[in-house]
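K.L.:
Can you keep this structure in mind? I'll have questions shortly.
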Amino acid sequence: MINLGGIIDASTLDYPGKVAMVIFFRGCPLRCIYCHNHRLLNGEDLVEEHTLEQKIQDASPFISAIVFSGGEPFLQSEPLLRLASFAKNSGLLLGIETSGYYPDRINEFGKKGLIDTLFLDIKAPLSNTRLYELITGRKDVVRRVKASLDHALHADFDLEIRTTVFRGLVGSEEVEAIASFLSGFRGTYVIQEGVPDLAPEYGKGKLSGFSYDEIREMGVIASRYVDRVMIRTKEKGLEVV
Ligand code: SF4
């Protein structure tokens, strides 16, 4: 059984250059102050795995990738493993979006060839445990994200690293610290506009967003350290800096 958060049958936004089905897994060990998918953090909608396998099989002529999102997909690692294996055997590319909270599972999936692209959040500089704790509501996250990043940098799948920015929380100083830490990284670094209206009640009043120009400037700063930088904004979608 999979505790399912929802499905997008065909998306051109979630896997670079591909049409992908997006499967959202319910549940997450973190409680990020700005979580855009907070409706998926709790609750239960149990679905048989074969129902999803059938859906993947029916869609496979029209899509070329599956993206597992959430919530945190690695929280339900056993059904995820079986579903990812099924999708891989159906000839589809596999993308997994993660907070990096489960490094051993990233390592295991990578070694089994069940990741083609990992979309990994780095929510704050990894030197700033206090800020990471403030954002995620948990104390033990940085050590795990560092281990996940280490696995991902040494694996043979593609890696996209993402940072969501909010004024007074994660801005140009933090983006520069993350980008300089990533110096020489050959994947894609994406700076995402944080949208206060999408945050859960416990975060809403504490958050304020940046303008397009401010986010673009962060992209320029990051591109001093990382070759391929993109920004994702409400105004212009995803663009290369
Ligand atoms: S890790 Fe992602 S899904 Fe989990 S609380 Fe944070 S933003 Fe939400």
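The values are calculated or read from the model by the stated rules, or taken from the named source; none is laboratory data. Not measured: the values here are computed from a predicted model. All Cβ positions, even for glycine, are placed from backbone atoms using ideal geometry, and neighbour counts span all protein chains on display.
K.L.:
Could you figure out which of (1) surrounded by fewer than 19 Cβ atoms within 10 Å (Cβ to Cβ); (2) touching a Gly at 6+ places or on another chain (Cβ under 7 Å); (3) aromatic (Phe, Trp, Tyr) isn't true of residue 166?
P.N.:
Residue 166 satisfies all of (1) surrounded by fewer than 19 Cβ atoms within 10 Å (Cβ to Cβ); (2) touching a Gly at 6+ places or on another chain (Cβ under 7 Å); (3) aromatic (Phe, Trp, Tyr) except (1).
K.L.:
On to the next question. What are the residue pairs meeting all of these: first residue in the range 27-39, first residue among the aliphatic types (A, V, I, L, M) and modelled with pLDDT of 95 or more, second residue part of a loop (DSSP other than H, G, I, E, B) and near the ligand (Cβ under 6 Å from one of its atoms), Cβ atoms under 6 Å, and 6 or more apart or on different chains?
P.N.:
30/99
K.L.:
Let me ask something else about it. Please state which one of 86, 68 is in a strand (DSSP E or B), aromatic (Phe, Trp, Tyr) and at pLDDT 95 or above. Working first, answer last.
P.N.:
Details: 86 fails: in a strand (DSSP E or B).
Unique residue meeting the criteria: 68.
K.L.:
Right, another one. From the residues in the range 117-138 that are part of a loop (DSSP other than H, G, I, E, B) and within 11 Å of residue 30 (Cβ to Cβ), which one is farthest from the ligand (Cβ to nearest atom)? If you could, list the steps in order and put the result at the bottom.
P.N.:
The first filter runs over the range 117-138 and keeps only residues part of a loop (DSSP other than H, G, I, E, B), leaving 122-128, 137-138.
Checking the rest, the ones that are also within 11 Å of residue 30 (Cβ to Cβ) come to 123, 137-138.
Numbers: 123: 8, 137: 8, 138: 10 Å.
It comes out as 138.
K.L.:
Here are some residues: 139, 204. Which one is in contact with an Asp or Glu (Cβ under 6 Å, 6 or more places away or on another chain), more than 28 Å from residue 17 (Cα to Cα) and surrounded by fewer than 16 Cβ atoms within 10 Å (Cβ to Cβ)? Before you say what the answer is, go through the steps one by one.
P.N.:
Values: 204 fails: in contact with an Asp or Glu (Cβ under 6 Å, 6 or more places away or on another chain).
Just a single option satisfies the conditions, and that option is 139.
K.L.:
Checking residue 6 against (1) in a strand (DSSP E or B); (2) of a type outside the set (Asp, Glu); (3) away from the ligand (no atom under 14 Å from the Cβ), which test does it fail?
P.N.:
The one condition residue 6 does not meet is (3).
K.L.:
Something else now. Looking at 174, 235, 214, which one is among the charged types (D, E, K, R) and either within 29 Å of residue 106 (Cα to Cα) or free of Cβ contacts under 8 Å to residues at least 12 places away in the same chain (or both)? Working first, answer last.
P.N.:
Working: 235 fails: either within 29 Å of residue 106 (Cα to Cα) or free of Cβ contacts under 8 Å to residues at least 12 places away in the same chain (or both); 214 fails: either within 29 Å of residue 106 (Cα to Cα) or free of Cβ contacts under 8 Å to residues at least 12 places away in the same chain (or both).
Checking each option against the conditions leaves just 174.
K.L.:
Something else about it: Of everything in the range 64-79, what is in contact (Cβ under 8 Å) with a residue 40 or more places away in the chain and either crowded, with 21+ Cβ neighbours inside 10 Å or touching a Gly at 6+ places or on another chain (Cβ under 8 Å) (or both)? Give them in sequence order. Talk me through it step by step, then tell me what you get.
P.N.:
Keep residues of the range 64-79 that are in contact (Cβ under 8 Å) with a residue 40 or more places away in the chain, which gives 64-73, 75-76, 79.
Hits for the range 64-79 are 65, 66, 67, 68, 69, 70, 71, 72, 73, 75, 76.
K.L.:
Restricting attention to the range 105-116, report how many residues are within 16 Å of the ligand (Cβ to nearest atom) and either basic (Lys, Arg) or surrounded by fewer than 16 Cβ atoms within 10 Å (Cβ to Cβ) (or both).
P.N.:
Of all residues in the range 105-116, those within 16 Å of the ligand (Cβ to nearest atom) come to 105-106.
Imposing the further condition that a residue be either basic (Lys, Arg) or surrounded by fewer than 16 Cβ atoms within 10 Å (Cβ to Cβ) (or both) reduces the set to 105.
Residues in the range 105-116 being within 16 Å of the ligand (Cβ to nearest atom) and either basic (Lys, Arg) or surrounded by fewer than 16 Cβ atoms within 10 Å (Cβ to Cβ) (or both): 1 in total.
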